[in-house]
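Notes follow once the structure below has been shown.
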Amino acid sequence: MPPISEQKKQVFIILVPVLVLVVFSLVTLLSIAKHQNVSMFSSAFFKQLIFIIVGIFAMIVTFKIPISVIHKYCVPVYFCAIIATILPHFFSSSISANRWIGIGPIAVQPSEFVKWISIIICARYLSDRKRTVENISTYLLLIFIILFPALIVFTQPDLGTTVIMVTPIIPILFWVNAKPYYLFLLVAPIFSIITAFHNISFALWAIVLLIVIIFSSSSTGKSALIFFSNIFLGLLAPVFWNILQPYQQKRILTLFNPEIDPLGAAYQIIQSQTAIGSGGLIGKGWMQGTQTQLKYLPVQESDFILSVIGEEFGFITILFIFLMYAFLIYKIFQYGYLVKECFTSIILIGIGSILLAQVFVNSAMTVGLLPVKGLPLPFISAGGSSLVSSFVMLGLVLNFVSHRFD
């Protein structure tokens, strides 16, 4: 028997945790489908099975595309993705969001794909001529490449996906040796807005901001501009709050006090915590979860599928799933460190950041640590666009890993 090549070994290592996650997805969705008043062929389980097949096909296609082709055509693909992200605004929706493009019986969510396409554009921009973030213009252009489609998604409105789209900015800037002061300036406006809702916190933040700017900037004019711009953003905090949709405001408020609206905005958090808590260490058993089977738990096929797993399979299984995610994301970051090409390295760091952020936000949401967002759990939650997009990202990872061992 011939020895297994290092290339095949590394591909296998990446595929194993994904296979485990997909199996948990199908098992959980089959349990959810037990008491749904629909035929098996109309259930989330059957749809997920179809999307898994489509996703695997998309992964294989992505795996076979030469890296040079990805580098060459990523710019026109990026602009096509921007147009596709805008199109949902022209489609009517039965809910207060315009995120999907209807293609016959299929609905596609373009934002799921633009989040990693933006990363590829950033990678090309930095890899060409071996650019690094040594000046503010490079820094701002990188932010614009990701922030522009993110703002479009925010207006749909889709705050959850917007957060995931902008998350890779800091890891990518850190990876290309951006100055720590630039990274600080990037997160400073966020802290200025958040702390503005508490006077003492805002005053302490202003002191920290002033100290960092004084010791990091040699230009008095620029220092004053940065400081007062952040203070001004803090004073505009009520404006930013009013930009949020009413349901988004309620979700944030009920995060700190669920009793404000226990049957409304806080209902999902309360039912999710109840489901996970009632599962205990080993769970109630497959198809035995009362919160799941009696339909107390909302959006259980996608946003709160982790709560279903917690109720029926227990904390030990959730811990095992987190270990699978941790191993997968660790290997992606590791390969990002090991590959020699700047282009592929940055993409791997970006993809790892997207997966890490999405797993963290979804799991934190289910236990009430973050406001409720319509954000799926990669490779587990039901949802065609999310699943296929995750498989395409996996295909990119396998593509770059396999070329490293050619």
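The values are calculated or read from the model by the stated rules, or taken from the named source; none is laboratory data. Note that the coordinates shown come from a computational prediction; the quantities given were computed from them, not determined experimentally. Virtual Cβ from ideal backbone geometry, glycine too; neighbours counted across all protein chains shown.
For the reader, a short list of remarks on this structure follows.
- For Gln268, the test of being modelled with pLDDT under 80, under 28 Å from His35 (Cα atoms) and of a type outside the set (A, V, I, L, M, F, W, C) is passed.
- The one condition from (1) in contact with a helix residue (DSSP H, G or I) (Cβ under 8 Å, 6 or more places away or on another chain); (2) modelled with pLDDT under 80; (3) not small (Gly, Ala, Ser) that Asn135 does not meet is (1).
- Of the residues Leu377, Leu328, the single one that is in a loop (DSSP other than H, G, I, E, B), in contact with a helix residue (DSSP H, G or I) (Cβ under 8 Å, 6 or more places away or on another chain) and surrounded by 22 or more Cβ atoms within 10 Å (Cβ to Cβ) is Leu377.
- Condition met for Leu209 (within 31 Å of the chain's Cα centre (by Cα), modelled with pLDDT of 70 or more and either surrounded by 17 or more Cβ atoms within 10 Å (Cβ to Cβ) or within 30 Å of Thr292 (Cβ to Cβ) (or both)): yes
- Complete set of residues in the range 277-330 that are more than 15 Å from Val23 (Cα to Cα) and of a type in the set (Phe, Trp, Tyr): Tyr296, Phe304, Phe315, Phe327, Tyr330
- Residue check: Phe333 meets all listed conditions (1) in a helix (DSSP H, G or I); (2) closer than 25 Å to Cys122 by Cβ; (3) in contact (Cβ under 8 Å) with a residue 24 or more places away in the chain; (4) out of contact with any strand residue (DSSP E or B) (no Cβ under 9 Å at 6 or more places or on another chain) but one, namely (3).
- Options Phe320, Phe333, Phe313: the member that is at pLDDT 85 or above and closer than 30 Å to Cys74 by Cβ: Phe333
- Checking each residue in the range 65-90 for being in contact (Cβ under 8 Å) with a residue 12 or more places away in the chain and either at positive phi or not aliphatic (A, V, I, L, M) (or both) picks out His71, Cys74, Tyr78, Thr85, Pro88, His89.
- Residue count, the range 280-325 (criterion: assigned to a helix (DSSP H, G or I) and out of contact with any Phe, Trp or Tyr (no Cβ under 7 Å at 6 or more places or on another chain)): 22
- Top-ranked residue of the range 362-374 - restricted to ones that are assigned to a helix (DSSP H, G or I) and surrounded by 21 or more Cβ atoms within 10 Å (Cβ to Cβ), ranked as farthest from the chain's Cα centre (by Cα): Thr366
- Counting only residues that are surrounded by 12 or more Cβ atoms within 10 Å (Cβ to Cβ) and at pLDDT 75 or above, the range 224-254 holds 12 of them.
- Qualifying residues in the range 180-202 (those that are surrounded by fewer than 16 Cβ atoms within 10 Å (Cβ to Cβ) and more than 23 Å from the chain's Cα centre (by Cα)) - the one nearest to Ile349 (Cα to Cα): Pro180
- Residue match in the range 349-365 (condition: within 23 Å of Ile106 (Cβ to Cβ) and touching a strand residue (DSSP E or B) at 6+ places or on another chain (Cβ under 6 Å)): no
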